[in-house]
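Q: Here it is, the structure in full.
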Amino acid sequence: MRAGLAPAVDGAVVEGVEVFDARSLRRHLGGADDFARRLTGAVLASPRRRGKFLWIPVAERPTTATRARHDPADPAVDEALQVHLGMSGQMLLREAGAPHDRLTRVALALAHPEHGELRVDFVDQRIFGAMVLEPLVEAADAPGEPGERIPRNVAHIARDPLDARFDDALFLRRLAAKRTTVKRALLDQTLVSGIGNIYADEALWAARLHYDQPTASLPRPRARALLEEVRVVLRKALAEGGTSFDWQYLNVNGQAGYFAHSLNAYDRAGQPCPRCGTPIVREDWMNRGSFRCPRCQRRPRGLGPSARRA
């Protein structure tokens, strides 16, 4: 979604804001009118993201450089349009004047120096997602490297493994120091972001690790190999547009991702493991399911079924 939005919004001017459902702006303390007033006339920079948070740096008070691409490190860029998609949110690109989807909550009319007039619609069935204008602060995990700024309420989210500034050594040290199990660690957004239930299961399958392997007993070489498998899974998923199981998971052009066709473990209960042929099993884990191969991903010694994390 970030990649799809980037060429359409980077350098664009917000010419109008339509709010169809103020509930999608509940995190914006000034309300719908303040949101629209402050965003109208703003210049947008290239979208950024961490975990499930996506933001577009904005500069108010347009100048003669209005229609030039804006540098998000510019001091004039002091806040961002932050979007959290929740369970069903979508950011869809539309032609100017195109009909609104009945679930459109907020629409931004843009004027882009290269692409002309277009519109970005925030569509959200369940209204668990939200948009808000949030101040930008220096990223705490980029010491001595000025210029990287993130929304204030995203500061607790760690970098993801594809981030150029992701620190492998720091991640491995923190992983070893945790008193938890490996899948719980992969889903801990303060340790590493970008890994959900699906991609955790896929990376653990690739690394031949059981989801309940204690992090303290995970040898450094196997932890490093797991990190590399996470990267392989994420790169492949991004190349294939993500994992879409229903119409709620679409890119900015309304197209579904097809990584679901490449899954090796997740949602394949009863089907043969692509590596050894043993049927994949689904087990209850933290109020959700966890998929693994019983042969390739054996339960750690001393951890019987009764000790399974629920």
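Q: Quick one: would you say Val123 is surrounded by 14 or more Cβ atoms within 10 Å (Cβ to Cβ), in contact with an Asp or Glu (Cβ under 6 Å, 6 or more places away or on another chain) and hydrophobic (A, V, I, L, M, F, W, C)?
A: yes
Q: Of the residues Thr190, Thr215, which is of a type in the set (S, T, N, Q) and within 27 Å of His84 (Cα to Cα)?
A: Details: Thr215 fails: within 27 Å of His84 (Cα to Cα).
Criteria check complete, one pass: Thr190.
Q: Just name the residue that is nearest to Arg149 (Cα to Cα) out of those in the range 86-103 that are in a loop (DSSP other than H, G, I, E, B) and free of Cβ contacts under 8 Å to residues at least 60 places away in the same chain.
A: Going through the qualifying residues, I end up with Gly86.
Q: Every residue in the range 271-295 that is in a strand (DSSP E or B), surrounded by fewer than 14 Cβ atoms within 10 Å (Cβ to Cβ) and not acidic (Asp, Glu), please.
A: Listed by number, the residues that qualify are Pro272, Pro279, Arg288.
Q: Look at Arg159 and say whether it is assigned to a loop (DSSP other than H, G, I, E, B), among the charged types (D, E, K, R) and buried (at least 20 other Cβ atoms within 10 Å of the Cβ). Outline the logic, then answer.
A: Numbers: assigned to a loop (DSSP other than H, G, I, E, B): yes; among the charged types (D, E, K, R): yes; buried (at least 20 other Cβ atoms within 10 Å of the Cβ): yes.
Here the answer is yes, as Arg159 does meet what is asked.
Q: Here is a follow-up. Report whether or not Ala139 is within 19 Å of the chain's Cα centre (by Cα), surrounded by fewer than 20 Cβ atoms within 10 Å (Cβ to Cβ) and under 17 Å from Phe53 (Cα atoms).
A: yes
Q: Cβ contacts < 7 Å: first residue assigned by TED's automatic domain parsing to the domain that holds Phe53, restricted to the range 15-35; second residue among the hydroxyl-bearing types (Ser, Thr, Tyr) and surrounded by 15 or more Cβ atoms within 10 Å (Cβ to Cβ), any location; separation 6+ or different chain. Result?
A: Close Cβ pairs satisfying both conditions: Gly16/Thr40; Val17/Thr40; Phe20/Thr104.
Q: Here is a follow-up. Looking at Arg298, is it within 19 Å of Glu229 (Cα to Cα), modelled with pLDDT of 90 or more and surrounded by fewer than 17 Cβ atoms within 10 Å (Cβ to Cβ)?
A: Spelling it out, Arg298 is indeed within 19 Å of Glu229 (Cα to Cα), modelled with pLDDT of 90 or more and surrounded by fewer than 17 Cβ atoms within 10 Å (Cβ to Cβ).
Q: Return yes when Val106 is touching a Phe, Trp or Tyr at 6+ places or on another chain (Cβ under 6 Å) and not in a loop (DSSP other than H, G, I, E, B) and no when it is not.
A: Working: touching a Phe, Trp or Tyr at 6+ places or on another chain (Cβ under 6 Å): yes; not in a loop (DSSP other than H, G, I, E, B): yes.
Here the answer is yes, as Val106 does meet what is asked.
Q: Say we look at the range 39-63 and pick out the residues that are part of a loop (DSSP other than H, G, I, E, B) and among the small types (Gly, Ala, Ser); which of these is modelled with the lowest pLDDT?
A: Among residues in the range 39-63 that are part of a loop (DSSP other than H, G, I, E, B) and among the small types (Gly, Ala, Ser), the one modelled with the lowest pLDDT is Gly51.
Q: Test Val154 against the criterion of being crowded, with 16+ Cβ neighbours inside 10 Å, touching an Asp or Glu at 6+ places or on another chain (Cβ under 6 Å) and among the hydrophobic types (A, V, I, L, M, F, W, C), and give yes or no.
A: No; evaluated as a whole, the condition is false for this residue.
The values are calculated or read from the model by the stated rules, or taken from the named source; none is laboratory data. None of these values were measured; they are calculated from a predicted model. Note that we place each Cβ from the backbone using ideal geometry, even for glycine, and neighbour counts take in every protein chain shown.
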